[in-house]
Amino acid sequence: MIVNLFKGRTRAFGPLARLGAVVTLGVILVALLAPYIAPYDLNFVDITRQLEPPSSTHWLGTDENGGDVFTHMLHGARVAVLVGLSTVGICSTVGIILGSISGYFGGWVDEIIMRVTEILMAFPGILLAILLIFITQEPSLLAVIGALSVSGWAGYARLVRGQILSERERDYVEAGKAMGYPSRRILFVHILPNIMAPVIVQATFGVAGAILAEASLSFLGLGPQDTSSWGSLLDQGASYFLLTPYLAIFPGIAIMLTVLGINFLGDGLRDMLDTRRSIEAEH
Amino acid sequence: MSEAKPLLQIKGLKMHFPIYKGAFVRREVARVKAVDGLTFDVLEGETLGLVGESGCGKSTTGRAILQLYTPTEGEVIFRGEDLCKLDKATLHSRRKDLQMIFQDPYASLNPRMTVGDIIGEPLKVHKMATGNALLSRVQELMEIVGLDPRFVRRYPHEFSGGQRQRIGIARALTCNPKFIVCDEPISALDVSIQAQIMNLLEDLQREFGLTYLFIAHDLAAVRHISDRIAVMYLGNMVELATGEAMYDRPTHPYTRALISAVPIPDPEIEATRERIVLEGDVPSPLNPPSGCVFHTRCPFAWDRCKKECPQLKESEPGHFVACHLLDEPGREGALPPVDGNTTKQAVSASVDEE
């Protein structure tokens with residue numbers, strides 16, 4: 001199915017999209033290898049050298065406890081990638097399933113699912129996440145992913161529903177019905193592969209959004225407490241901003257570059273996967 | 001022809017599409033009467049041409065027969081079974097026998113499946129073949145419709161319009177159907193390709209004993225391929241006859257106008273061709289005219305046409321017309337009856353009037 005998705009679509013991947021892909025892959029690689037490439041242990045502190053500027057021993061300086069900022073930044077990539085991918089994974093799976101049911105079968109199920117998505121989308125996602133983490137009283141990695149997923153699926157569901165509504169009127173779907181194919185098969189084998197392109201694009205932007213949301217939550221002290229995340233590093237750095245501004249600037253740059261890179265990648269994917277433009281342009 | 005038994009009987013078929021309004025309480029505000037009471041037979045082994053202008057309900061009729069839409073009313077009897085009353089599972093297995101060829105060869109094939117998958121899928125779903133048997137059946141079908149079997153792993157966008165239409169035909173043939181609805185199968189193709197596809201359809205009919213419902217708006221194409229022709233206007237059938245009778249003795253005023261619009265290839269006869277030009281537009285199927293739906297545009301309409309809906313009547317054996325003129329041969333626009341039987345009736349009717 002995935003191989004099929006890229007079949008016949010060899011549009012040029014622009015320079016910005018390539019840059020985005022490189023940045024994204026780089027961040028993922030860093031996240032995977034963080035424990036091996038980090039110069040110090042995550043728990044390492046040297047209390048004699050607090051708040052030091054970047055040097056050859058501590059490339060990005062040290063924090064208020066004497067921990068190595070570079071090490072914390074590398075580990076922060078882990079959190080970013082984990083939150084980004086798992087949130088989008090959960091959201092898109094739930095969104096695709098509910099959106100498909102809603103769009104293909106319609107009726108009262110459609111009404112209920114769509115009203116729920118409207119309620120969720122009318123509410124600022126980050127506020128809902130704060131509320132949920134506050135209720136569970138446990139700011140952990142899992143809580144962040146869960147809280148971001150609760151409202152995040154609604155966008156995917158609406159996107160998938162809309163795509164299915166237009167796709168199911170096409171003749172090849174009608175042909176499938178005339179052949180006596182079961183609805184399940186028509187939906188999963190015929191319709192879904194044909195509407196995946198915009199979903200993949202939205203998922204790519206979704207990863208950037210989730211990373212940003214996790215950073216915001218961590219900045220507010222609602223992120224995972226047992227590990228370093230870019231958001232919490234930013235939060236800590238902000239307290240010493242006048243003394244050692246780079247403590248806040250480095251995580252900020254990391255967040256910005258990652259989100260920007262993923263967005264460039266998303267733009268490139270959209271141009272490449274746009275079936276309406278690339279398949280039909282051949283005719 | 002007349003001895004052939006009907007393969008398909010359509011009785012009082014109605015297909016209305018409701019239009020809803022209201023945010024919370026949806027209520028029906030109107031109905032599009034796409035097909036409004038059709039009764040006809042499709043005989044075994046024949047090609048029944050279904051003609052009419054855009055929006056007259058011909059495609060809807062084809063789809064309602066195949067149960068792609070659930071008909072509002074009426075029966076579709078295929079080999080003694082009313083398809084409208086079958087449960088889902090039985091209907092799914094019956095679908096093998098009734099197939100469809102679509103107008104648009106681009107939209108009717110899934111762009112992400114190979115030709116082999118498209119043609120072979122029905123076999124897989126109905127568990128009729130797997131593995132090598134499936135592949136060889138697919139390649140056999142490709143050869144039957146005139147495609148190179150080596151292209152089995154190619155994607156639809158690698159083919160031309162005519163070739164894609166062949167893929168669609170092969171898919172329709174996969175499960176050995178008895179009846180195929182051809183929904184304007186040639187109108188999206190180049191003129192040079194149209195004849196090829198028509199010939200292919202005729203060859204397949206002869207080879208596999210197929211029955212076609214051939215939907216088209218091109219009268220010349222329909223005349224070429226059809227044994228009998230049915231003319232539709234605004235969801236109703238106005239005339240049904242053999243191709244020959246339809247062209248030699250078009251009886252309904254609408255059919256006469258249609259046929260008078262076909263150009264004649266001989267320039268001398270063409271110069272004398274009398275065109276009947278209909279006034280106005282086709283009324284909306286949302287709110288069809290009372291009585292005979294054609295009365296708003298009929299040059300011969302009188303009071304009765306506004307009140308009473310004409311039924312299909314035999315003007316000569318096998319020639320059915322839905323027009324009140326048939327009952328009143330003395331009126332302007334009425335054609336002289338051809339058959340002795342109807343002449344007698346006509347005479348007695350005119351005697352009654354006196």
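The values are calculated or read from the model by the stated rules, or taken from the named source; none is laboratory data. All values reported here derive from a predicted model rather than from experimental measurement. Methodologically, a virtual Cβ is constructed for each residue, glycine included, from the backbone with ideal geometry; neighbour enumeration extends over all protein chains shown.
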Practice prompt. Scan the stretch A:218-249 for residues that are of a type in the set (A, V, I, L, M), part of a helix (DSSP H, G or I) and more than 16 Å from A:ASP68 (Cα to Cα) and report the count.
Written response: 1
Discussion item. Quick check on this structure: which one of A:SER102, A:SER151, A:SER92 is of a type in the set (Ser, Thr, Tyr), more than 22 Å from the chain's Cα centre (by Cα) and surrounded by 19 or more Cβ atoms within 10 Å (Cβ to Cβ)?
Written reply: A:SER102
Item to complete: Could you check how many residues of the stretch B:209-247 are over 22 Å from B:LYS178 (Cα atoms) and among the β-branched types (Val, Ile, Thr)?
Response: 2
Worksheet item: Looking at A:ASP235, is it without any contact (Cβ under 8 Å) to a residue 60 or more places away in the chain and either more than 21 Å from A:LEU85 (Cβ to Cβ) or of a type in the set (Lys, Arg) (or both)?
Response: yes
Worksheet, complete the sentence: (1) closer than 20 Å to B:GLN165 by Cβ; (2) crowded, with 17+ Cβ neighbours inside 10 Å all hold for B:GLU143 apart from (2)
Discussion item. Name the single residue that is surrounded by the most Cβ atoms within 10 Å (Cβ to Cβ) among those in the stretch B:59-87 being more than 14 Å from every other protein chain (Cβ to nearest Cβ) and of a type in the set (Gly, Ala, Ser).
Written reply: B:GLY74
Fill in: Every residue from the stretch B:234-269 that is within 20 Å of B:VAL42 (Cβ to Cβ) and small (Gly, Ala, Ser)
B:GLY235, B:ALA241, B:GLY243, B:ALA245
Item to complete: Residues being in contact with a Lys or Arg (Cβ under 8 Å, 6 or more places away or on another chain) and part of a loop (DSSP other than H, G, I, E, B): count how many of those fall in the stretch B:81-107.
Response: 4
Response to the item:
Filtering the stretch B:158-169 down to residues that are under 29 Å from the mean Cα position of the chain (by Cα) and either surrounded by 22 or more Cβ atoms within 10 Å (Cβ to Cβ) or within 12 Å of chain A (Cβ to nearest Cβ) (or both) yields B:PHE159, B:SER160, B:GLY161, B:ARG164, B:GLN165, B:ARG166, B:ILE167, B:GLY168, B:ILE169
Worksheet item: Residues that are within 19 Å of the chain's Cα centre (by Cα) and among the small types (Gly, Ala, Ser): which strands (runs of 3 or more DSSP E) entirely in the stretch B:225-338 hold 1 or more of them?
Response: B:228-233, B:236-242
Fill in: Positions within the stretch B:110-132 being among the basic types (Lys, Arg) and in a helix (DSSP H, G or I), in sequence order
B:LYS124
Practice prompt. State all residues of the stretch A:1-34 that are modelled with pLDDT under 90 and loosely packed, with under 13 Cβ neighbours inside 10 Å; if no residue qualifies, say none.
Written response: A:MET1, A:ILE2, A:VAL3, A:PHE6, A:THR10, A:ALA12, A:PRO15
Discussion item. Residues that are among the charged types (D, E, K, R), within 11 Å of another protein chain (Cβ to nearest Cβ) and either crowded, with 17+ Cβ neighbours inside 10 Å or within 18 Å of B:THR211 (Cα to Cα) (or both): does the stretch B:172-182 have at least one?
Written reply: no
Worksheet item: Is one or more of the residues making up the stretch A:158-172 closer than 17 Å to B:PRO122 by Cβ, assigned to a helix (DSSP H, G or I) and within 12 Å of chain B (Cβ to nearest Cβ)?
Response: yes
Worksheet item: Does A:GLY152 satisfy the criteria of being more than 9 Å from every other protein chain (Cβ to nearest Cβ) and either assigned to a loop (DSSP other than H, G, I, E, B) or out of contact with any Asp or Glu (no Cβ under 6 Å at 6 or more places or on another chain) (or both)?
Response: yes
Practice prompt. Take the stretch B:1-58 and flag every residue that is farther than 18 Å from B:GLN311 by Cα, more than 14 Å from the chain's Cα centre (by Cα), among the basic types (Lys, Arg) and surrounded by 15 or more Cβ atoms within 10 Å (Cβ to Cβ).
Written response: B:ARG31
Response to the item:
Among (1) without any contact (Cβ under 8 Å) to a residue 60 or more places away in the chain; (2) within 14 Å of chain B (Cβ to nearest Cβ), A:ILE191 falls short only on (1)
